[in-house]
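A.B. asks: So that we are looking at the same thing, I have put the structure below in structure tokens.
The values are calculated or read from the model by the stated rules, or taken from the named source; none is laboratory data. None of the values given here were measured: they were computed from a predicted structure. Virtual Cβ from ideal backbone geometry, glycine too; neighbours counted across all protein chains shown.
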Amino acid sequence: MVQLAVVSEQEEEALTNRFLARIDELNKEKARIISEVEREEEFITNTLQKRLVQLQREKIAMENQLEQEQEAMVNRLAKQLDALRVAIQCRRVPRARRGRGDRRVVGRNESRRGAER
């Protein structure tokens, strides 16, 4: 009976040692996996950060380009508006220079000098 107890205790100790060794292996594997996941997370974070910076630069460049295009369009429209105003003023000037008594309508083929004769 004592010998049976000793054998039983040795078997328990062997099982315990195997379980402890297995737990140690699993803990090492867990630490390796955690380290690998952290490296992957850092890689992904760095990649996303670089992409974000790149997109921010592209956004700024596009905003600047849009601003330049808008400014060019406003300048072009302002020139067209000025030209239109000048054209309107040119049409109004002869009317303003006419005297009040000179209300005779000049025909198409008639010149202004011919109308004064």
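A.B. asks: Is it fair to say residue 9 is modelled with pLDDT of 95 or more, over 30 Å from the mean Cα position of the chain (by Cα), surrounded by 10 or more Cβ atoms within 10 Å (Cβ to Cβ) and not aliphatic (A, V, I, L, M)?
C.D. replies: No.
A.B. asks: Show the residue pairs meeting these rules: Cβ distance below 8 Å; 6+ apart or different chains; first residue within region 3-19 and without any contact (Cβ under 8 Å) to a residue 24 or more places away in the chain; second residue assigned to a helix (DSSP H, G or I).
C.D. replies: Final answer for the pair search is none.
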